[in-house]
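The values are calculated or read from the model by the stated rules, or taken from the named source; none is laboratory data. Being a predicted model, the structure only gives us computed values, none of them experimental. Cβ placement follows ideal geometry from the backbone for every residue including glycine, while neighbour counts extend to all protein chains displayed. Side chains are part of the model used for accessible areas, which takes the heavy atoms of the whole protein and leaves out ligands, DNA and RNA. Shrake-Rupley method; radii C 1.70, N 1.55, O 1.52, S 1.80 Å.
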Amino acid sequence: MKAITIEKYGKDVPLVLTEQPMPHIGEHDVLVEIHAASLNPIDYKIKEGKVKLLLSYSFPLILGNDFSGVIVKVGERVSAFKPGDEVYGRPRKSRIGTLAEYIAVHEEDIWLKPQNLNFEEAASIPLVGLTAYQAFTDILHLQKGQKILIHAGSGGVGTFAIQLAKLMGAFVATTASEKGYELVKSMGADLIINYKKDNFEEMLTGYDAVFDTLGGTALEKSFQVLKPGGHIVSISGMPNARFGKETKLGWMKTAILSIVSRKITALEKKYDTRYHFLFMKSSGTQLKILKEFIEGGHIKPVIDKVYHLEKTAQAFSYLQGGSAKGKVVIKIK
C-alpha cells in the first residue's frame, strides 16, 4: 500500500511516498481502507521529534493521526462493526499511521462516521473533536454560563472548540486576526480579540477557564485572565509533574517534567489557578457523541484546503505556516 513515511526525526527530514506492507489485524481490530485523513500540529511535532519523551516510534514511521474510510475486514472478536461500514476515528497513539491507503485500528477507537458528512469532512473531526470534548467535559467540566477564553479560534482545534463551548452554554472569548474574524464570529464566538492589535490579558478578567492551543507567552499571560480557582487546559504547553504522575511516566520522566515546567507551576501558585496538560485519548464512545452533535446540526466541520496524498509535504508546509483557517485534509481515495 502507499503511505507517507519518514526514516528518522528532524525538521528537514523529507516526507516520502513509499510502498509499505498491508497492516496485520488482531482479533479486536478492523482493517480500514482510508478515504481521507487530516493534518494536525501533533503530526509535525512527531516528525521533528518534539514528543520523543512521551511517544516512541520505530522507523520507517507512517505519519497521520485521524481518518475516515470504509471497513474492509474485521478481526474474529469484533462485534460492533462489519465490512462496508463507513467509519471515522483517531487510532491510539502507539498505532498512528493514517497517511496511508489502509490502517489496522482497534474497534474501540472508531465509530460510524456522521451521515451528513463526506469522507473529507469526517476526517477533519476526530482529533480536534476529541481534544475539545475531553478538555471541556473530562477536565474543565464546563458549565452553562461560565466564561472561557479559547486561543486561536480560527484554527483547526479552535473552530471546533468554539462550537462545542457554545453548545454547552458557555460565554466564549477568542483570539483571531482580522482575516479570521468573520469565521470565528460565524462559529458563535461572543467576544473576538484581534491578537495583532490588542493584548487579551489586558481586556479579559474573571474567566473560569482558558483553552490554550498556542503555548509559550500566550499560555503564560493566560493565567492573568482567570479568576481564583480558574483552570487552564493546554495542548501546546509543557507537560508538568501532575501529568507525569497521572500517565504513570515513571519517576525519572516525571522529575524532568517537574523541572522544565517550574515556571508554569509558579504561575499556578501566584494566581491561585490550576494548569492541566491534555494529551488526548482515543475514544469511539466519545466519537459517537460527537456524531450526534454533528448530525443534529450543532457542530459543522471547517476545512481550509484539501490535498492529495502525493502533495502531503506541501500540506505540512501550509499547516506549519500558521495561516490555515480550519482543517487541512489529505484526500487518499
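Summary of computed values
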item: Environment charge of residue 10, counting only residues whose C-beta is closer than 9 Å and scoring Lys/Arg +1, Asp/Glu -1; result: +1
item: 12 Å beta-carbon shell around residue 176, net charge (K/R +1, D/E -1); result: +2
item: Stretchable slack from residue 2 to residue 333, in nm (0.36 nm times residue separation minus alpha-carbon distance); result: 118.1 nm
item: Relative contact order for segment 211-267, counting Cα pairs under 8 Å that sit 6 or more residues apart, in percent; result: 34
item: In sequence order, calculated HN-Hα J values of segment 189-201 (Karplus, 6.51, -1.76, 1.60; Hz; x Gly/Pro); result: 4, 8, 9, 10, 10, 6, 5, 7, 10, 10, 9, 4, 5
item: Under DSSP loop assignment and at most 14 Cβ neighbours within 10 Å, longest GluC sites (Glu not before Pro)-free interval of the chain; result: 77-333
item: DSSP-assigned coil residues among trypsin sites (Lys or Arg not before Pro) in segment 209-270, each with at most 15 further Cβ atoms within 10 Å; result: 248
item: Contact order normalised by residue count of the chain, Cα under 8 Å, 6+ apart, percent; result: 20
item: Fraction of accessible area attributable to carbon and sulfur, segment 1-78 (%, probe 1.4 Å); result: 52
item: Of 253/288; 45/331; 52/185; 93/196, those spanning more than 29 Å from alpha-carbon to alpha-carbon; result: 253/288; 52/185; 93/196
item: Amide H contacts of residue 303 (H built 1.01 Å from N, under 5 Å, at least 5 apart or other chain); result: 327
item: Cα gyration tensor shape for segment 118-242, rounded if a/c is under 1.5, else prolate or oblate; result: rounded
item: Calculated from backbone phi, Karplus (6.51, -1.76, 1.60) coupling profile of segment 256-265 in Hz, x at Gly/Pro; result: 4, 5, 4, 6, 6, 9, 5, 5, 5, 4
item: Per residue solvent-accessible surface (Å²) - the chain, probe of 1.4 Å; result: 44
